[in-house]
Amino acid sequence: MKKIRVLLADDHKLFRHALRAMLEDEPGIQVVAEASDGYELLKLAASVAVDIVCMDIGMPNMNGIEATRRLLAICPDVKVIGLSGFHDRDFVLDLMKAGASGYVTKTEAGEELLRAIQAVKVNRKYLCSDVADIVTGALVSNPGGKSGAVRLGSRERQVLQLVAEGLTSSQIAEDLHVSPSTVEVHRRNIMRKLDLHNVAELTKYAIRNGLTTS
């Protein structure tokens with residue numbers, strides 16, 4: 001029987017190793033690689049045959065939502081399962097819109113993750129039970145699908161994460177291949193949307209919402 005080839009992407013080494021040990025106890029699963037951030041993930045995915053990526057949303061340098069989007073642009077047949085310590089509906093929806101097939105909270109990353117792997121392998125979507133309840137409840141209470149919460153664009157989320165990780169506007173511009181003035185526009189828009197006024201407040205917001213582990 002062909003084994004499911006899994007790549008683990010998480011910046012917490014101990015968590016990755018614990019996941020690897022659990023998954024490799026399963027006879028039908030083989031962990032073929034590990035990555036500590038989004039850039040390493042993309043490099044590995046281009047060189048290693050992978051069926052499923054289990055990916056932390058809050059990785060440094062490139063969060064899991066952006067990494068999912070870029071990964072599926074170059075490897076459209078790979079299935080992505082998001083891993084997070086957060087239950088926030090917007091994170092779940094953003095990840096699924098980026099193309100992920102599943103979402104499992106880290107507190108449920110045992111039997112639930114195994115079930116998710118088996119589900120996405122046969123092209124089914126999978127949300128662990130606590131996340132499914134939150135998403136379903138939100139849709140029932142707000143059937144029009146419009147969130148009252150502040151919505152940041154994908155580029156704004158990238159800029160927010162990099163600001164929270166201590167990068168200057170020039171460094172962010174170089175990383176994202178845009179001009180420093182464009183970064184400043186994004187920074188001002190983020191502060192206006194979130195009603196935050198300095199880098200310290202932005203950093204606290206990013207950490208609280210799982211955009212960075214800094």
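The values are calculated or read from the model by the stated rules, or taken from the named source; none is laboratory data. The model shown is predicted, which means the values in this text are computed figures rather than measured ones. Virtual Cβ from ideal backbone geometry, glycine too; neighbours counted across all protein chains shown.
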* Assuming R5 fulfils every condition listed in (1) part of a strand (DSSP E or B); (2) surrounded by 19 or more Cβ atoms within 10 Å (Cβ to Cβ); (3) of a type in the set (D, E, K, R) apart from one, which condition is it? -> (2)
* Asked: So G38 fits all but one of (1) free of Cβ contacts under 8 Å to residues at least 40 places away in the same chain; (2) surrounded by fewer than 20 Cβ atoms within 10 Å (Cβ to Cβ); (3) not charged (D, E, K, R); what number is the exception?
  -> (2)
* Output the residues belonging to the stretch 48-68 that are assigned to a loop (DSSP other than H, G, I, E, B), among the aliphatic types (A, V, I, L, M) and under 15 Å from V92 (Cα atoms). => I57
* Asked: Would you call R115 of a type in the set (D, E, K, R) and closer than 19 Å to R5 by Cα?
  -> yes
* **Residues located in the stretch 98-117, provided they are part of a helix (DSSP H, G or I) and in contact with a Lys or Arg (Cβ under 9 Å, 6 or more places away or on another chain)** => I117
* Among the numbered criteria (1) assigned to a loop (DSSP other than H, G, I, E, B); (2) within 18 Å of the chain's Cα centre (by Cα); (3) modelled with pLDDT of 85 or more, which single criterion is violated by G210? -> (3)
* Within the set of pairs 6+ apart or on separate chains, which have a first residue in the stretch 105-116 that is over 14 Å from E24 (Cβ atoms), a second that is small (G, A, S) and surrounded by fewer than 20 Cβ atoms within 10 Å (Cβ to Cβ), and C-beta atoms under 7 Å apart? -> T105/G85; K106/G85
* From the set of residues in the stretch 70-105 that are crowded, with 19+ Cβ neighbours inside 10 Å and among the charged types (D, E, K, R), which is modelled with the highest pLDDT? -> K79
* Some residue of the stretch 61-68 being without any contact (Cβ under 8 Å) to a residue 40 or more places away in the chain and within 23 Å of S129 (Cα to Cα) -> yes
* Structure fact -> If we ask which residues in the stretch 1-22 are in contact with a strand residue (DSSP E or B) (Cβ under 6 Å, 6 or more places away or on another chain) and more than 16 Å from T105 (Cα to Cα), their number turns out to be 6
